[in-house]
There are 2 protein chains.
Amino acid sequence: LSPPRRLGDPDPVRERSWWGWGWADQAVTGPELDALVGRVGAFLPLSGEVAQVPAVPTLPASRLSVPPGVTARTDDAARAARTHGKAYRDVVRNLRGELDHPPDLVWFARDAADVARALEFAEATGAALIPYGGGTSVVGGLEYRGPDRPVITLDLSMMDAVLELDEESLAVRAQAGILGPALEEALRPRGLTLRHFPQSFEFSSVGGWLATRAGGHFATGYTHIDDLVESIELVSPAGVATSERVPASGAGPAPDRLWLGSEGALGVITSAWLRVRRRPTFKAGAAVAFGSYSDGVAATRAIAQSGLGPANCRLLDPLEAMLGAGATDGGSRLVLGFESADHPVEAALGRAVELCRDHGGTPADAAQWRGTFMRAPYLRDGLVRLGVVVETFETACTWSAFEALHAAVLEAVSPAVVTCRLTHVYPDGPAPYFTVYAAGRPGAEVELWDGIKARASAALLAAGGTITHHHAVGRDHVPWYRPPGPFVAALRAVKATLDPHGVLNPGVLGL
Amino acid sequence: LSPPRRLGDPDPVRERSWWGWGWADQAVTGPELDALVGRVGAFLPLSGEVAQVPAVPTLPASRLSVPPGVTARTDDAARAARTHGKAYRDVVRNLRGELDHPPDLVWFARDAADVARALEFAEATGAALIPYGGGTSVVGGLEYRGPDRPVITLDLSMMDAVLELDEESLAVRAQAGILGPALEEALRPRGLTLRHFPQSFEFSSVGGWLATRAGGHFATGYTHIDDLVESIELVSPAGVATSERVPASGAGPAPDRLWLGSEGALGVITSAWLRVRRRPTFKAGAAVAFGSYSDGVAATRAIAQSGLGPANCRLLDPLEAMLGAGATDGGSRLVLGFESADHPVEAALGRAVELCRDHGGTPADAAQWRGTFMRAPYLRDGLVRLGVVVETFETACTWSAFEALHAAVLEAVSPAVVTCRLTHVYPDGPAPYFTVYAAGRPGAEVELWDGIKARASAALLAAGGTITHHHAVGRDHVPWYRPPGPFVAALRAVKATLDPHGVLNPGVLGL
């Protein structure tokens, strides 16, 4: 349906920022930067100095040479752009030119056989191999940090074809390296959509979504990519695993569920069948204001437990509502959206709004919210250049645990400023998403952030939250990733079986 | 909330049929048996002879003695009742008195520590240990068939307490041995329900549902118990695994998903937090007749892809409609039901019926259907006593694969009579459930069925179906259980790590 990228096609990284988010020409400048200074300067001291966009640093010579017939790069620009992910601590280190563990080789995989060849090459050279989709990890998922050894970044961006479409069953098979926009572009002429829109949508890939259990568009119901996948093809040193393509099965533990969240440590996801849907033609939305945050939480819980199934149901706390939705009344905002390709959704929206009224909500405006959402990573980079410590973290907990968890997080990150929005909600609990703002100390920004993160993470765990709802574990979350002991033993046994030489993304998940 | 069964409480198996389904006094007799003969005799030759209900056979002496302080039984009645599951081939063998591998000891577990003690005892005595909930397996999940060794059935029926209820988060914690009715009874006074109603509901347990990935009440959406569980406690020889209790998480591969479907081979599930909901107060249902089966399939697909989310959406083919819903017009029936605890559902039902009309459907009556559904296992046993080969099998496939799969199954089981209903439907495909009727040859019934089963299973796999949507793998499905090679290697590594002496339910899943 769409052919894969060919040799000689433009390097997809060419116009991408090597140090920060997204396209280089989309960086925050001029009036947008001034406005940002005004908004954030209102609650945080800013020096007014703006860090310059750095040039690609000169890296140590590559320790690997490109095997014959392989599409690869060893130049500094290609290696520097793939040294870190896109977390705050990554951007700060890039701005400082601190690239301690750049990959030696960027291998552009052509197909599953080429992936297998790269794994063999890694085993033969003693190299670590890091699968790389869109490069948007915010948890250190792409950055080798282990003992000294050569490192290969296995870039899947050339494996970006849409291979098959089953319109009767509403499913599409795509290669793992395809990014969100290209996949949607292939589906649009058929009136179809995956409707998986993580904030990283523009630059993240199908394989990355699956490997990290990405959270997407839907605030309720099937929120994670886990539920949108029919079948996965995964290449490991122990062979290729292709699961049966069926809508559901009860035949033993689900194979795909072992690859979902494996973060490149058990194999490389090379393609997948994904469930698509018809593009929504019926839509209805509203925003509701709450004077009391706990009333907003209660209303959101009522909607989450109603079975109404809104596509959007995002509760913004007062500061989040001010920064993200332009609210100036000091109240919270609940952004509601319903959609369908089959039937009108006004009645469902009406009932949801009624539930809000029952909890003291009143109609409000929040039209600004979506634009800010997609622009947020660029704004974050602008703030980093202004010296601000700015980063997000997220969790999920039961409704009965939420109030205490929320209070514990605020106390843990104090005196930093923190906002909270509920990005996804379930009948049994919300997924709160926190954004932290603090004044940086030049040269100590990473340490300052790491301290806040450690306190926040300990607070989350103590209050019954998970260390991540959809950002994955990577390397940054390992200290707070605590699956049950026998499961850790099981995972280590699987790792030793599928990747006996330990080449696959060593360090993620503590493996 | 509800205390566990105490020592000295009546044996829950006392009034149960040792050889067939359910309560002994509910066996099909008298006018009901005559009516059954009439219905089935219309399309199958019946000899008219009825096998007698057999007495408990005399078993070989137990090879194990009860350790001090353990609640256990070694009498023939307790052992015979737990030798087989409730498949057709189990009932036939029970009627014949063919109990080749009875357990030596039935150990009634008291709590997680007692389960750990039973595992240690099995390791010490070289025994196999088979976790046993309600005993309703239809895939040989409970029957030891390996090389000669002592066998312990670990009966969890005394671990039947409801431990905690979180009404704010809509979740309940229960011990694994609780059966469906007892759990619902504990929830009803609070206005809550799990609403997980497999056909085995009356006699199957929370632990069994989880270990076998049971399919339940809902025809669309969250069909499997997999999606209704928040957290599992599992006791393995390598220790106790308790997952974090959160509504969702993206922290690595989901631990619970490795236990779901593990069928007692990796550990014993001892308790779980399950998601409950408010009891529905709004309900609407309809039945629709289709003259053409393929029109019925097309309408069902349209509803499955509409996002309307019916709780019931079961398409009965003409013979199924005749036998199960009393239809006499030779057409198919679609049974539709919507329910909610929050809002009216007439509009959703109306839209679903409209989709049916678009595909040639007309309103019909199918009120009989639910009663037949719950009574079916007893009727099956009645037919077995009449010498009929009668059994079910089920699968799931994509919509694009269904027509050819359906035709292939009919051809594979011919000349046996087969009916089909779609028990669950997904946007990407249905879960067809087949019931086979054939005239038995006295003494060769099991072989006759095994031959039909082998042909049907090969046809399912060749046509793109899974070997089971919700009956599990057990031992009977092992020849057609074909997960991807690297996943098999992974599963064997997990088994070797968690159960190094191979005591846990050896043989299920081919482990």
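Quick note: the coordinates plus some simple rules give every number you see, no bench work behind them. Keep in mind the model is a prediction, meaning the values are calculated, not measured. For neighbour counting, all protein chains shown are included, and Cβ atoms are generated from backbone atoms with ideal geometry for every residue, glycine included.
Before moving on, here are some points about what is shown:
- Restraint check, A:283/B:283; A:495/B:453; B:86/B:495, Cα-Cα greater than 32 Å: A:495/B:453
- Shielding of B:269-282 by partner chains, average beta-carbon count, 10 Å: 1
- Of the residues B:237, B:217, B:199, the one whose Cα sits farthest towards the positive end of the charge dipole of the stretch B:165-251 is B:199 (charges of +1 on Lys and Arg Cβ, -1 on Asp and Glu Cβ, taken about the Cα centre).
- Think of it as helices only: each DSSP H run of n ≥ 4 in the protein assembly as shown is worth -39500 (n - 2.57), and spread over all residues that comes to -9500 deg cm²/dmol at 222 nm.
- Shape of the protein assembly as shown, Cα gyration tensor, a/c cut at 1.5: prolate
- Whole-number percent relative contact order across chain B, with pairs defined as alpha carbons under 8 Å at least 6 apart: 17
- Charge dipole of the protein assembly as shown (Cα centre as origin; +1 on each Lys and Arg Cβ, -1 on each Asp and Glu Cβ, all else neutral): 240 debye, rounded to the nearest 20.
- The mean number of partner chain beta-carbon atoms within 10 angstrom of a residue's beta-carbon across peptide A:421-433 is 4.
- Geometric extent, Cα atoms of chain A - Rg, Dmax (angstrom): 22.5, 68
- Peptide B:393-399 - average C-beta neighbours from other chains (10 Å radius): 5
- Label point of residue B:70 (7 Å along Cα→beta-carbon): distances to the other copies' equivalent points are 5.6 nm, sorted ascending.
- Cα-based radius of gyration of the stretch B:265-309 once divided by 2.2 N^0.38 Å, which approximates compact folds: 1.99
- Using alpha carbons only, the radius of gyration of the stretch A:197-333 set against its Kirkwood radius gives Rg/Rh = 1.08.
- Volume per residue of the C-alpha convex hull in the stretch B:271-412, rounded to whole Å³: 166
- In whole percents, the pair-distance distribution calculated for the stretch B:406-455 from its alpha-carbon pairs, binned every 5 Å from zero, is 5, 19, 26, 20, 14, 9, 5, 2, 1.
- Kirkwood radius and radius of gyration were both taken over the C-alpha atoms of the stretch B:282-338, and their ratio Rg/Rh is 0.98.
- Computed over the stretch B:126-272, Kirkwood Rh from alpha-carbon pairs, angstrom: 15.8
- The string of couplings for the stretch A:337-353 from the Karplus curve (6.51, -1.76, 1.60, θ = phi - 60°) is x, 10, 8, 7, 9, 10, 8, x, 10, 4, 5, 5, 4, x, 5, 5, 5 Hz, one whole number per residue in order, with x for Gly and Pro.
- Here the contact order of the stretch B:352-444, divided by its residue count and restricted to Cα pairs under 8 Å and six or more residues apart, works out to 30 percent.
- Calculated on the Cα set of the stretch A:41-196, radius of gyration then Dmax: 18.9, 59 Å.
- Cα-based equivalent ellipsoid, the stretch B:177-238: semi-axes from gyration tensor eigenvalues, Å: 19, 15, 12
- Inter-copy label distances for residue B:43: 6.8 nm (label point placed 7 Å from Cα along Cα→Cβ; shortest first).
- Over all pairs of different C-alpha atoms, the stretch A:395-493 has a mean inverse distance whose reciprocal, the Kirkwood radius, equals 14.5 Å.
- Point-to-point label distance, residue B:357-residue A:66, nm (Cα→Cβ direction, 7 Å offset): 6.5
- Computed log10 I(q)/I(0) for the stretch B:18-129 at 0.11, 0.20, 0.24 Å⁻¹: -0.50, -1.11, -1.37, from the Debye equation with unit scatterers placed on every C-alpha and solvent omitted.
- Label 7 Å beyond Cα on the Cβ vector: residue B:447 copy-to-copy distances, nm: 8.2
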